[in-house]
1. Among (1) over 30 Å from residue 262 (Cβ atoms); (2) surrounded by fewer than 17 Cβ atoms within 10 Å (Cβ to Cβ); (3) touching a strand residue (DSSP E or B) at 6+ places or on another chain (Cβ under 6 Å), which single condition is residue 389 missing?
2. Would you check which residues across segment 433-459 are aliphatic (A, V, I, L, M) and within 30 Å of residue 213 (Cα to Cα) and list them?
3. Residue 444 fails exactly one of the following numbered conditions: (1) within 21 Å of residue 252 (Cα to Cα); (2) aliphatic (A, V, I, L, M); (3) in the same structural domain as residue 120 (by TED's automatic domain parsing). What is the number of that condition?
4. For the condition of a type outside the set (Phe, Trp, Tyr) and under 11 Å from residue 124 (Cβ atoms), what is the one hit in 211, 163?
5. Could you tell me which numbered condition residue 376 fails, if it satisfies all but one of (1) crowded, with 16+ Cβ neighbours inside 10 Å; (2) of a type in the set (S, T, N, Q); (3) out of contact with any Lys or Arg (no Cβ under 6 Å at 6 or more places or on another chain)?
6. Considering only segment 235-246, state which residues are closer than 23 Å to residue 404 by Cβ and surrounded by fewer than 20 Cβ atoms within 10 Å (Cβ to Cβ).
7. Testing residue 46 on (1) exposed (fewer than 10 other Cβ atoms within 10 Å of the Cβ); (2) at pLDDT below 95, one condition comes back false. Which one is that?
8. Considering only residues of segment 211-234 that are within 21 Å of residue 436 (Cα to Cα) and modelled with pLDDT of 95 or more, which is surrounded by the fewest Cβ atoms within 10 Å (Cβ to Cβ)?
Amino acid sequence: MRTVKFLGLALLLAVVVLGTVMVTRTFMLLPAGEAHSVKNATLDDAEVRRIGENLAAAIRYETISHDLNAAPDEAAFKGFHKFLEDTYPNAHKEMEREVVSDYSLMYRWPAAEGVSKKPIALLAHMDVVPVPEYGLKDWKHPPFDGVIDADGVLWGRGALDDKGILISLMEAAERMATSGFTPDRDIYFLFGHDEELGGDMGAVKMAEILKARGVQLAWAMDEGSAMTDGIVPGIKSPVALVSLGEKGSVTLKFSAEDEGGHSSAPKEFTAASLAAKAGATVMDNPYEPILDEHLEEFLFAIAPEQPFINRLMIANLWLTRPLMEAQLSKSPTVAAFMRTTTAFTMMKSGTKTNILPQYGEAIVNYRIHPRDTVESVTERARTLVDDERVTITNLGGGREATSMSDASGEGYKAIVATIADEFGDIPIAPTLTVQGTDARHYDMVADGVYRFMPFVFKPEDLKRIHGTNEAVPIAVIARQVDFFEKLMRRAAGAQH
């Protein structure tokens, strides 16, 4: 009896100690109190309008990337080049400009003589995705008219992705050049013309040029993540997300052939069923979601904004990790950050309802987490399908995920400090970009590569990127100009 009582007391004591430890760790993640908001900016209306009109003019150049088999529209791209020269004359006096692969632009703003600091690079792209004919009727304003409405909202393809960033960078450079600014390190502006097609002729070539010249960047920054409002679960405040890396991708084709015949006498399989089964097999066996050290960094960064129970879970991952993994992975959006994703996207087979198909194929697209590779994804698919009648083909070779840059690196610190300076005391967290950007091509010539857009995205804004009614308030663009000027002065000014 005494033994039972002793065990009971010991168990109770253990529970008390465990609870005390968990609560103590939770209170180390102090709550943020009231929800933060983005700091208001004092903007000159005339200046906002002028910047907006310049972006509107940029949108009118139809610098569309259609597909890999279609040549760029020379008149549109060359016209855009001339527009930048005419609109930003002082920046062009200070910066050296080089045209790469006929259409991409590489600018170098040289440092004062005798400076040996590593250069930095700010990236953007001038190409935009097409506007489908079937969607034109749903646009409030024609997508390439660059209309600014009575509310100060600019409508047009590229306003968000990515001419808004490009024009903001040029506006900041023009303002700084006019003021007589000379950087204490080289600043590169790297503007690709084919980002929407993978960047092989733009960003890839510019990165190769830098490497051949022995240029090693301290850091580079591109699009890829931003400030979000109402998107991160459990947080009422806007959150600035700075990406440290991005996923890779590969598309696999699962195909099968058979002799065919009449549907009245089928075998136990057809070419269609073999291909479909292979696609369904990999789709039904997704990668396990993992709460790794990078997601852990993100969770700790946003923890003060979370309710107590969430902070309790985050503060005690040593105990709650399996439960947290299960809970987080219930959201497809969050799960995409936790694993390599598998999407069965296309199926092709058959010619007539009563004919057994002689060929069938299933197409599956993977977005590869940095802990996986194109090869490991392909081999895993072969193991899962395990059917010699099915041929697995890698379409296009795929691309590897990037490395993850340092969240304590010089570039990250400069970006974070500038976010706080421009937008106020909002939470800032490192993250992973699940889409592809030009930034990935600069891994080989930069100590750190980061992705951030100084823009507050709300849930309704996300569908505008590559979608219908792409638009941005012109005051937001003016604020981006302020951000980039502050970032460059902080990172490349002897005094900022």
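1. (1)
2. Start the filter on segment 433-459 by keeping residues that are aliphatic (A, V, I, L, M), which leaves 434, 439, 444-446, 449, 453, 456.
439, 444, 445, 446, 449, 453 - these are the residues of segment 433-459 that are aliphatic (A, V, I, L, M) and within 30 Å of residue 213 (Cα to Cα).
3. (1) is the only condition that residue 444 fails.
4. Numbers: 211 fails: under 11 Å from residue 124 (Cβ atoms).
When all the criteria are applied, what remains is 163.
5. That leaves (1) as the condition not met.
6. Across segment 235-246, there are no qualifying residues.
7. (2)
8. This residue is 217.
The values are calculated or read from the model by the stated rules, or taken from the named source; none is laboratory data. What you see is a predicted model; the values in this text were computed from it and never measured. Every residue, glycine as well, gets a Cβ built from its backbone with ideal geometry; the counts of neighbours run over all protein chains shown.
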